[in-house]
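Only one structure is covered here, and it is reproduced in the block below.
The values are calculated or read from the model by the stated rules, or taken from the named source; none is laboratory data. Nothing here was measured: the structure is a model prediction, and the numbers come from that model. Glycine also receives a Cβ, built like all others from the backbone with ideal geometry; neighbour counts cover every protein chain displayed.
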Amino acid sequence: MGDTLFAAKTSFDAGQWTRQGVEVRQLATRMARCADEADAALSQLGQAQMRQWQSPAGRAYRNVVASHLTELRRARDTLREASALVMQEAATAAVAAGQGY
């Protein structure tokens, strides 16, 4: 039953929640940094797409870049949303530990 979650009957450990809150906050920060790096990549890809490609191969390349831009934007947006949700979890852990946020 590896896929089944069981409720643990253990005492509340505020220190555990504090450590988890810090780790979760660090994860959310790293995720946000990845989204920032995706923004930089989007900028560079956008510049490549804006070049005037005259040959059929150049136009095909620009179409491929456009497709990659679309997918990277979706990934970046999803990463930003996930980062915000993870940060909310960090806040929940901090509240559970009695620290506030």
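Restricting to the stretch 50-101, and then to whatever is of a type in the set (S, T, Y), assigned to a helix (DSSP H, G or I) and within 25 Å of the chain's Cα centre (by Cα), can you tell me which residue is nearest to G21 (Cα to Cα)?
Our first condition is that a residue be of a type in the set (S, T, Y); within the stretch 50-101, this holds for 55, 61, 67, 70, 78, 83, 92, 101.
Keeping just the survivors that are assigned to a helix (DSSP H, G or I) gives 61, 67, 70, 78, 83, 92.
Among the residues that remain, those that are also within 25 Å of the chain's Cα centre (by Cα) are: 67, 70, 78, 83, 92.
Working: S67: 38, T70: 34, T78: 22, S83: 14, T92: 8 Å.
By that ranking, first place goes to T92.
Just to verify a result, which residue in the stretch 48-57, among those that are modelled with pLDDT under 85 and loosely packed, with under 13 Cβ neighbours inside 10 Å, is nearest to A75 (Cα to Cα)? Walk me through how you get there before you give the answer.
Pass one, the stretch 48-57, residues modelled with pLDDT under 85: 48-54.
Narrowing further to those that are loosely packed, with under 13 Cβ neighbours inside 10 Å: 50-52, 54.
Values: M50: 21, R51: 24, Q52: 27, Q54: 30 Å.
The qualifying residue nearest to A75 (Cα to Cα) is M50.
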